[in-house]
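Undergrad: Sending over a structure as structure tokens; questions will come in a sec.
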């Protein structure tokens, strides 16, 4: 059955909600303190939101983007090692080989402080909802071309970023490759977030019987970037274990019993009951 693990354990997970802006130094200091706060509360897996160290105008991407590993990952890696925790840098701007383009990259830092996995956001936020919101992330971001399931102490992490949330086939693929926790760091738009955020996060958990940790940006930046917040931790039955009601920074903590993943998957075995042969018949 997809997602079967060798080691069963309980994981204390933290979803760190931030209100990042266009000052990387301030954002980094806030993130470091929030990680320390989560570690003091016993978290061993700590997730930051998308664009945790810079949420600002596109014209400054060139100044903010880094190589990975780089200065920011090294600084957070030292903190991960100090506290003996896994730190998930929700996403940051990574230098690409294409002039004027960057990757929106999620970084996993292990207990050793080293980068153990990276994922480049695959589905980019190119939308146009007339009268509400229009944005084209692909103007400055190059999409990634590989899915990632990261091996973390005691569990396997299916990595995604924000707009990926709208593509359920991605999460099924991650779960079939063994993911028991699905990561959805986000800077979800305030307008679409009110309509869709909670139902989509819970749906990804329910349809794969996996835990979901979704750390989000909250509030409106000085430049007018409005994000929805409502960071969440959801169980494999769709139960909301924690949800932020804050308009600003917050730390959500939940204990994830990973045996619950196997239990729910054995009760409704959606992986074995799939009919991929049938789905492809539409192409005939």
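Undergrad: Could you grab me the full set of residues in the stretch 165-193 that are within 22 Å of residue 274 (Cα to Cα), in a helix (DSSP H, G or I) and in contact (Cβ under 8 Å) with a residue 24 or more places away in the chain?
TA: 165, 166, 168, 170, 171, 172, 173, 174, 175, 176
Undergrad: Is it true that some residue in the stretch 38-47 is buried (at least 18 other Cβ atoms within 10 Å of the Cβ), in a helix (DSSP H, G or I) and touching a residue at least 40 places away in the same chain (Cβ under 8 Å)?
TA: Looking through the stretch 38-47, at least one residue is buried (at least 18 other Cβ atoms within 10 Å of the Cβ), in a helix (DSSP H, G or I) and touching a residue at least 40 places away in the same chain (Cβ under 8 Å).
Undergrad: Considering the stretch 81-101 alone, what residues qualify as being touching a residue at least 40 places away in the same chain (Cβ under 8 Å), surrounded by 15 or more Cβ atoms within 10 Å (Cβ to Cβ) and either out of contact with any helix residue (DSSP H, G or I) (no Cβ under 6 Å at 6 or more places or on another chain) or not in a loop (DSSP other than H, G, I, E, B) (or both)?
TA: Matches in the stretch 81-101: 83, 86, 87, 88, 89, 90, 91, 92, 93, 96, 101.
Undergrad: Still on this model: Can you say whether residue 237 is touching a strand residue (DSSP E or B) at 6+ places or on another chain (Cβ under 7 Å) and in contact (Cβ under 8 Å) with a residue 24 or more places away in the chain, as far as the supplied structure shows?
TA: no
Undergrad: Please go through the stretch 103-124 and give me each residue that is touching a residue at least 40 places away in the same chain (Cβ under 8 Å), buried (at least 21 other Cβ atoms within 10 Å of the Cβ) and part of a loop (DSSP other than H, G, I, E, B), ordered by number.
TA: 121
Undergrad: Still on this structure: May I ask you to say which residue of 133, 58, 129 is surrounded by fewer than 17 Cβ atoms within 10 Å (Cβ to Cβ), within 21 Å of residue 223 (Cβ to Cβ), touching a strand residue (DSSP E or B) at 6+ places or on another chain (Cβ under 7 Å) and touching a residue at least 24 places away in the same chain (Cβ under 8 Å)?
TA: 133
Undergrad: On the given criteria, is residue 165 surrounded by 23 or more Cβ atoms within 10 Å (Cβ to Cβ) and in contact with a helix residue (DSSP H, G or I) (Cβ under 7 Å, 6 or more places away or on another chain)?
TA: yes
Undergrad: Of the conditions (1) in a helix (DSSP H, G or I); (2) surrounded by fewer than 22 Cβ atoms within 10 Å (Cβ to Cβ); (3) modelled with pLDDT of 95 or more, residue 138 fails just one. Which one is it?
TA: (3)
The values are calculated or read from the model by the stated rules, or taken from the named source; none is laboratory data. For clarity, every value in this text was computed on a predicted model and none was experimentally measured. We place every Cβ from the backbone using ideal geometry, glycine too, and count neighbours over all the protein chains shown.
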